[in-house]
Structures are given as C-alpha cells and as structure tokens.
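Report on one structure; see the data block that follows.
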Amino acid sequence: MKNLRVFGLSFLLLKFSLVWCHLTEPICFWRIKNNEDNDGDLRSDCGFFLAAVEGPIDHTYNISDFRIPARRYEFFLVLFFATDEINKNPYLLPNMSLIFPEDPGQCEKLLGELDKIHSEAKFTVDFTDYICAGYGTCYIGLIGPSWKTSVKLSTNSGTPRVFFGSFNPKLSDHDQFPYVHQVATKDTHLSHGMITLMLHFRWTWIGMVISDDDQGIQFLSDLREEMQRHGICLAFVNMIPENMQLYMTRAKIYDKQIMESTAKVVIIYGEMNSTLEVSFRRWEDLGARRIWITTSQWDVITNKNDFSLDFFHGIVTFEHHHSEIAKFKNFMKTMNIDKYPVNISESILGWNYFNCSTSMNSCSKMGHFTFNNTLEWTALHNFDMALSEEGYNLYNAVYAVAHTYHELILLQVESQQTEEPKGTFTDCQQVSSTLKSRIFTNPVGELVNMKHRENQCADYDIFIIWNFPQSLVLKVKIGSYLPCFPQSQQLHISEDLDWATGGSSVPSSLCSVTCTTGFRKIHQKQTADCCFDCDQCPENAVSNETADMEQCVRCPDDKYANLEKTHCLQRAVSFLAYEDPLGMALGCMALTFSALTVLVLVTFVKYKDTPIVKANNRILSYILLISLIFCFLCSLLFIGHPNQATCILQQTTFGVFFTVAISTVLAKTITVLMAFKLTSPGGRMRGMLASGAPNLVIPICTLVQLVLCGIWLVTSPPFIDRDTQSEYGKTIIICNKGSVIAFHFVLGYLGSLALGSFTVAFLARNLPDRFNEAKFLTFSMLVFCSVWITFLPVYHSTRGTVMVVVEVFSILASSAGLLGCIFLPKCCVILLRPDSTFLQKYKGKLPS
C-alpha cells in the first residue's frame, strides 16, 4: 500500500507537470527507465565506419540478437535514420548508397572486447585499424561520445575519424591526432552562460566539482575569472582525480566537504564514465540535495527511490541549441523491422525523453497509465523522440561523412580515375583534408562548418531535470542563453517557471543573508567576499536603493536619516528664537537688567554730588554702568536668526564691552587702594592719584582687547554654521567661532583682567570701618570669576542651542553680579538713607 501511495503521488506530480508544460509552453520531456538499468551504463561509447558504394543497396543489419545498452541505442537509431535519409536524397551521393561495411552489432562486440584488452594491457597496442576496417580502403569512422575512449581508438591511426561527443580541446591537437575531427561546437561561452544564470537567480555561493585534468582546470580558471568579475564566490572546489585508487583515498574528504557546505548550487564539469560520476553517485546515496549545474553529458537518472515534494533540487543542464528533426518522428513510426530488426518496445523506454507537449489529448489520456503497463501504454500513444546533444552531433557527423564522400567522388569523376572502383579511397590524408574543409547546411537548416567549430558562437538551451520514483524523469526547458546577443538580451528565462509545487520562489544559495535596506556589508576576516555581516548604517546615512550595499550614502546637510536608516527626511531649521520660551525669557532678562542699569546710572547722575558717589570716582562709575548696559544688550545678539553681521558682533562686542567693564573695575580697585594706603602729603603717588592716572588702565586694556579681536576677525572670523549633529531631525543655525584659539584668547584675556582686579581688591579688603568699597569690588570679581569658570566646562559639554543659552546666561549672570555687588549697596544708601548719620560720620574720612 505504501508503494502504491508513492506511485500514485508520483503519477499525480507527473500529470501536473505535463499540464504545466502546456500552460507555460516551454519544451518538456519525460522518460522511464527500467529498474535493471538504474545503475546506468558506465561504458556507452560507440564506433562506426561508413562506406559509400555504387547503386541503391537494400542492406539488412542483423543486430536483433545483440543487446544494445540503453545509452547507445539512440546512436543506432540516429545512424539508421541519417543513412536512410541520405540514401533517399537524389542530390547527395546520387546513385550511391551510404552503408556500414559490417553489421554495427559486430563492431560493437569488437569495440567492447578491444576496450577490455586495452584496459588490461601493460603495453601499447594499435587497435584502430583493426576495428571494422579490414577492407583495404579508407573509410571514415565515427567515434564518441567519450573522448577518453576516442583517444584510445585514434592514437597512431591513419584513418579519418569524426568525434561526435562534446568538444574536447585535446582532440584539436592536430599534431597528436591529425585525422580526428570534431563536429560538436566548442563551449567557448559556457562559463559566462553559467555565471549569467547565477546572477539571474542571485546565486552567489557556489560549489565546484571538476575532473582533475587539463580541461577541468581550464574551465575552473575561466569560471573563476567570470566569478570575480561579477561578485560570485566559490564555497569549495573538489578536483576529482582520474585515478580510481587515488580517488578512493580522498573520497571521504570530498564527501564531507560537499555535505557540510552551505552552498546549495554546485557546478559539475567533466566526463561521465569517470571517477567524477562515481563521486556524483556517492553524494546521491548520501542524500546531498543540491541544484547541479552542468552540461548535457550529465543528463542522468538518479538511483534514489525516495521522493519528496521538494523541487528545489535537480540537474540544470546547458545544451547546445539544435533544431528539431521533424522527419525522425515519422521514421520511428514507419521503421522497417525486417531491415532494422530491433525490439524497439523494450529499448525505447531506456533511451531518451519523450516530448510531453505534443498534444493535450496525449496528456489527457494519462489516466490509463500505471507503472506495470508502461510497454503497452507507450505502444498506444504517439510521442516525439527527443534527441540528445550527442545524438544530434552524430546526425551532423553522418552528413559530414556523406558530403565528404560526395566531394571525393566528384573529384574521382573529374580526374577520370578508373583504376579504383567508384567510392573507394586509399589516400586517407586526402579524405581527412576534404572532411576538415566541409561546409554544408543540414536538412534542418543549420550551417555546419567543420573547419571552424572552435570559434562558433553557439546558443544554449537550459533544461532542468527532476527525478521521480521508479526512474520517472521530467525534463523541462526553462530558458536559453544567446552569447552573441547584447549583454541585456543574452539570457532568457521562463517567467512562469515553478521551482516548487506551491509557487515560483527561487531557491537561494548564499553565504550570508542579503543585507536589507538600512544596513551595509561588513566583510568577515579571512573569508570570501560573499561572506559578511550586516551592520546598520551610521548616523545620518542610509541605504535604500539596493540591497547588499558596501557603503551607506550620507544624507545631505539639510536632511536626516530616519530611524530605520532607509530614507532621508527634511530637517527642521532651529535656532534660539525670541518666540521660544527660553529665548523670550533671556531677552526679557537682558532688557530688564539693561533698564535697571540705566536707572542706576540716572540715580548716580542725579546724586552726583553726594559723598558716596564722589567717594570712588564717579567718572569710573559712569563708565562702568554704561559698559554694563552694553554688556546686557550684547546678549540680544545671540538671540534670533543668526546672520553674518550678528555672528561677528556677538563675540567682538562681548569681548570689548566686558574688557571695558573689567578694566573699569580694576581702575576703581586701584583708586580705592591708593586712596587709603597713601598718607604722605605731596608724595609722587598722591600726585598720580590726583591726576587720574589709574583711569589710563581702561584705554590700555581695551586697546589690547581690540587688537586681539582685530587679529581674530582678520585671520578666522566667526561665520554662520549649521549644526546637524546636536538634535535629531533638526538643523541648528549657529554662529561658528571661526578660530577657537582666538575665542579662548579673548576669554583668557578677560579672565586675566578679572583675576588681576580680584587680586587687587582682595589686598584692599581690610580698609577701615564699615564703608569699604574694596569689599564690594572683591565680591563682584569673585562672582564674575565663578560664573566664567563654571561657564567653560558647561559650555564645552553642551551642543546646539543649549550652548548659546549657556553663553547668554553667563553674560547676563556675570554682568548682573557686577551691577548688584558694586552698585546695589550704594543705591540702597542713596535712596533709602539719604539723611543718615552714616554719611556725616565718614564725611571727613572719605577722599574727595
């Protein structure tokens, strides 16, 4: 029951595949192979000789008692069909017949026996002129499809041979094989075609299995060059030695490598009937489920009887495109059994594929099919036979021989050679030279040029082969590769291709999962380029156009990356504006303090004759108050949309007016100190105090600051800058300091003046009694220094608008400290205690 369920399931899948063929309209074929042949035929080579004889001859071939291996049966049928077609052609070999000198069955027996002798011999034996060629004439032989066997049959041979297997560069060595000619087209563009297919399906992690010979190594070199050009990596390379003993010592290493590899696509390149095929069979038994990309030689049936609904694994073959031979179908139907006594019903199943796209009626009758009546079922249904690539090459080879004999016979007639029968040729060199130069069009319209088979630009058909239980096989044409077309038009893949029963998703073969948008590739050390980690794009960079980007693209300055790092969004423009609560608060504070300072100035002017105003040089007090007004007002330059003028004025006005204020405080401190310390009348210092010498400190200090600011503006002035790093999604417009060194020089100079004022005031802190101007000056300088010492670390730890706020607040706080500590006590005395005895008490002690 279990087997019946498997068979039923397989049949349903086969029926589905046949209907699928009609819907998608690719070329598809199916075949059944008997269980007795499941292991394949490891020696499927053939050798034939063709002769041209006068007159129509009804030649009968006695091969019914000779069991023809399934893989060779196609070659006999093609040979029978081609010779029959040529003999019926009145324009090719007229009044002549193309026949076998001996029965091919006997030739095959001799071929098998001699191949066995050669494999066991310990010395070199020349068999080639013995096989089917003891006729005293120069017949053209057909050999193939294995080049190794053909080399054995062609070494030291003087008989012309046409090799109908896949093109092999070794056989093109005319010094070693002067009489061997190849009818197959060279696979010049095969490697590029395979790479194009991989790029189409995005297979970038590929395994490689080749024969360890010159042809395999050359193919590997060509393929590697194409892979490096297109970013495809080799996961492993298994070079299978030709020697069986050497292979068996390494077999487990090859098995482990392919079973443990993560590559799901493997390229196989090499000869069948070799250790390479033994490897493939071993991996099949081990359950290696891969997509095998190879050539038409590897059109094989697997031995596995287990089955799953997974179509992700199969053999993808590149086969040279050839036209369909329409007359071959009719030949199969009308083949004369008396002339060709072959039991076709037994061998036809194991030969090749049937065309499953002949008609819907044929497929609709699949309901009568069972696995026990395959012979009867195939006898009731008409299917086209599908030629393999070697079969089509043999068809061309027979025609090449016919055209060669035709040309040689014409030469015989023209030269009136009567000593030899018509169609008998003894000069093998002349036969070989004529064969090599043949150019003809075969009956299906293809131009065959025997001289330039290496340089032709051959098109490829791409097939995928799926194996079902009981050796049922489905072969579907999925596309074509046209190397002579422009790059964008070379590969054509069916859009309706189904890789699985449930959809058209393409199986992947990747070393690393593709990096999605928003990420970039980070290559791993000591690994292939296709192996990488995915890392999210850095700040303000995106990757949105393609996957697997090496580098992320930075957003323009006026844009920012979203959180997924896939798109650039427009930034919002930001600055410390008057409309903002913080900007409004700071602006109001600056105006309030400025107005308060103006009131203090007005008060001092109004009470200019009072002892407390006159006590510490009222001119200095006026200068200090005016400079404080400008210090408060200069903070307004930091608020609002910056422009070039405000950027320059921000730092220069701040530096100059604060220099005036601090130097005025220094002058006041020096004045107080000199007034209380100098007691000798008429002294030099008293004269300097009376002349107002301390007031010179103000212009001197201010001039130094002006020079520093001038140098700053000339070398590297402040400018408008855009800060895109401080706040996410915003562009903050700020004033860049230009030269940071110049800014710190200006700030350092202010600090040195403040420190000097603080030092002088500190020395005068113990002046007599309660009224002590020096104490107020000391305290004001202490507040000023504390504010700006705190400002430096806070300023450098903030960014954006907060940095501007810190600087504005420091200006207002330090200015307010000077105003409050120096002038608030005096205003309280002037306004709240105008008639107090305090002034009278110290009236005599205060300096005029």
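The values are calculated or read from the model by the stated rules, or taken from the named source; none is laboratory data. No experiment lies behind these values; they were computed from the predicted model shown. Glycine also receives a Cβ, built like all others from the backbone with ideal geometry; neighbour counts cover every protein chain displayed. Just so you know, the surface numbers come from the protein's heavy atoms only, side chains and all, with ligands and any DNA or RNA stripped out. Shrake-Rupley method; radii C 1.70, N 1.55, O 1.52, S 1.80 Å.
Things to note:
- Quotient of C-alpha Rg and 2.2 N^0.38 Å, computed over the stretch 193-275: 1.11
- Each label was represented as a point 7 Å from its Cα along the Cα-to-Cβ direction; for Arg554 and Thr188 these points are 4.8 nm apart.
- Cross-link table Lys256/Lys565; Lys152/Lys327; Lys186/Lys264; Lys422/Lys451; Lys329/Lys477, entries beyond 30 Å C-alpha to C-alpha: Lys256/Lys565; Lys152/Lys327
- Counting only DSSP beta bridges whose two residues both lie in the stretch 185-310, roughly 0 percent are antiparallel.
- Length released on extending from Ser508 to Leu696, taking residue separation times 0.36 nm less the Cα-Cα span: 59.1 nm
- Segment Arg250-Thr517, length gained on full extension (0.36 nm per residue, minus Cα span): 91.7 nm
- Virtual paramagnetic centre 7 Å along Cα→Cβ of Asp529, amide N under 16 Å, in the stretch 207-241: 222-235
- Contour excess over end-to-end distance, with Cα ends at Glu414 and Asp175 and 0.36 nm allotted per residue: 82.9 nm
- Calculated FRET efficiency for the pair Thr715/Arg289, C-beta based, R₀ 51 Å, to 0.05: 0.10
- Area accessible to solvent at Tyr795, 1.4 Å probe radius, in Å²: 10 Å²
- Between Leu569 and Ser797, the C-beta separation translates, for a Förster distance of 30 Å, into a calculated FRET efficiency of about 0.60.
- Model label sites at Ser494 and Leu782, defined 7 Å from Cα along the beta-carbon direction, differ in position by 9.5 nm.
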